[in-house]
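Asker: Below are the structure tokens for one structure; questions will follow.
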Amino acid sequence: MFSLSRASNISAGWRNSRATWINALLVMTLATLVITPALGETEGEEEASGGQDRESKALDSTATQWSFQLAYQGIPDYHDDILDNGEPRPAGNNDFLQLRIVAPVPLKSVTLLPRLTLRHYENDAGESGMGNTELFALVIPKKWDWGVGRVGIGPLVTTPGSENVARDEWGYGLAAAVVNTSGPWFYGLLFTQSWRGVDPLVVPAGESDTNPLGIAPFLNFRIDKGWYVGNGDMVARYNWDNGDFYLPIGIRVGKGLVRPTSSWNFYFEYQTSLIYGDWNGAAVENSYRFNVTYTMPVGK
């Protein structure tokens, strides 16, 4: 199966200095959430999109608009093959309910784009609880926004989840995104990298406090009358400790409804695993997602 070369170890100097900037990023993220509501109520009409039409913006979580997403994902099947260590591959949670909110803060020379994701999971034993809540705030300078697309980077924080269905620990790191629209195409990449907020002395031998790198490519093609197809919410993961790589693959069929002051995005998505042979964690065999997203311009 597919494998990437093992990444080089992080230098000791980087590890020693990381706590300082992690704390600064956390403060920045929390401050962004505090000031967002006040700015959102006083902001005027939506700024000119510079070429990106509203139908495309309904699919774009980096556009300067409020976004409220509710999704349910059922995962009835996981691959049950044998790992290289001779043990059976573990299964994951059965399903989750997701709420995601994007709350933009347009300023004079930069746009702050906080995104909060909450998930409630249930496992095969009937246990349920909150997953690791994720919060990141993309910072998008005006010169990095060319109207039909943009680039942003910012802090990322994950909070502890229920120990039955998630990790009971904090995580700190960075998120970065680049998106673009070209005719009927909307595409881009989202990267996330975080480090576990744990005592390095309690990390098992052969592991580190570095979480896997998340790589989420997305590609959507608008067909006609709001209908579109895409590759879905596929997040590839690369394990820095052992070079393992996991790549899901999926297909999404959706419809966007653009209203005078708001938009809706409905979609159904199927996903499975494409590359998972040397991945030691759970590998989805079949999953299904149902989603509805409501968006509205800032100030509405």
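Asker: Please tell me if L190 is among the aliphatic types (A, V, I, L, M), surrounded by 20 or more Cβ atoms within 10 Å (Cβ to Cβ), closer than 30 Å to E55 by Cβ and at pLDDT 95 or above.
Answerer: yes
Asker: Looking at G86, G74, which one is out of contact with any Lys or Arg (no Cβ under 6 Å at 6 or more places or on another chain), of a type outside the set (D, E), loosely packed, with under 15 Cβ neighbours inside 10 Å and at pLDDT below 95? Talk me through it step by step, then tell me what you get.
Answerer: Values: G74 fails: at pLDDT below 95.
Only one candidate qualifies: G86.
Asker: Please go through (1) closer than 20 Å to R54 by Cα; (2) without any contact (Cβ under 8 Å) to a residue 60 or more places away in the chain; (3) out of contact with any Leu (no Cβ under 8 Å at 6 or more places or on another chain); (4) not basic (K, R) for V178 and return the number of the only condition it doesn't satisfy.
Answerer: With respect to (1) closer than 20 Å to R54 by Cα; (2) without any contact (Cβ under 8 Å) to a residue 60 or more places away in the chain; (3) out of contact with any Leu (no Cβ under 8 Å at 6 or more places or on another chain); (4) not basic (K, R), V178 is out only on (3).
Asker: Strands (runs of 3 or more DSSP E) wholly in segment 159-278 with at least 1 residues that are on the phi < 0 side of the Ramachandran plot and over 17 Å from the mean Cα position of the chain (by Cα) - which ones?
Answerer: Once the strands (runs of 3 or more DSSP E) in segment 159-278 are filtered for at least 1 residues that are on the phi < 0 side of the Ramachandran plot and over 17 Å from the mean Cα position of the chain (by Cα), what remains is 171-182, 185-196, 213-222, 227-230, 245-258, 263-275.
Asker: Regarding segment 222-240, can at least one residue be identified that is among the hydroxyl-bearing types (S, T, Y), closer than 24 Å to A103 by Cβ and surrounded by fewer than 20 Cβ atoms within 10 Å (Cβ to Cβ)?
Answerer: Among the residues of segment 222-240, not one is among the hydroxyl-bearing types (S, T, Y), closer than 24 Å to A103 by Cβ and surrounded by fewer than 20 Cβ atoms within 10 Å (Cβ to Cβ), which makes the answer no.
Asker: Among the residues of segment 64-99, what is the count of those that are within 21 Å of the chain's Cα centre (by Cα) and in contact (Cβ under 8 Å) with a residue 40 or more places away in the chain?
Answerer: Result for segment 64-99: 14.
Asker: Filter segment 279-300 down to the residues that are outside any strand (DSSP E or B) and among the aromatic types (F, W, Y) and list them by number. Reasoning before the result, please.
Answerer: Just the residues of segment 279-300 that are outside any strand (DSSP E or B), to begin with: 279-283, 298-300.
Across segment 279-300, the qualifying residue is only W279.
Asker: Please go through (1) surrounded by 20 or more Cβ atoms within 10 Å (Cβ to Cβ); (2) of a type in the set (D, E, K, R); (3) in contact with a Pro (Cβ under 7 Å, 6 or more places away or on another chain) for E169 and return the number of the only condition it doesn't satisfy.
Answerer: Unmet condition: (1).
The values are calculated or read from the model by the stated rules, or taken from the named source; none is laboratory data. Quantities reported herein were computed from a predicted structural model and do not represent experimental measurements. Here the Cβ is made from the backbone with ideal geometry for all residues, glycine too, and neighbour counts use every protein chain on show.
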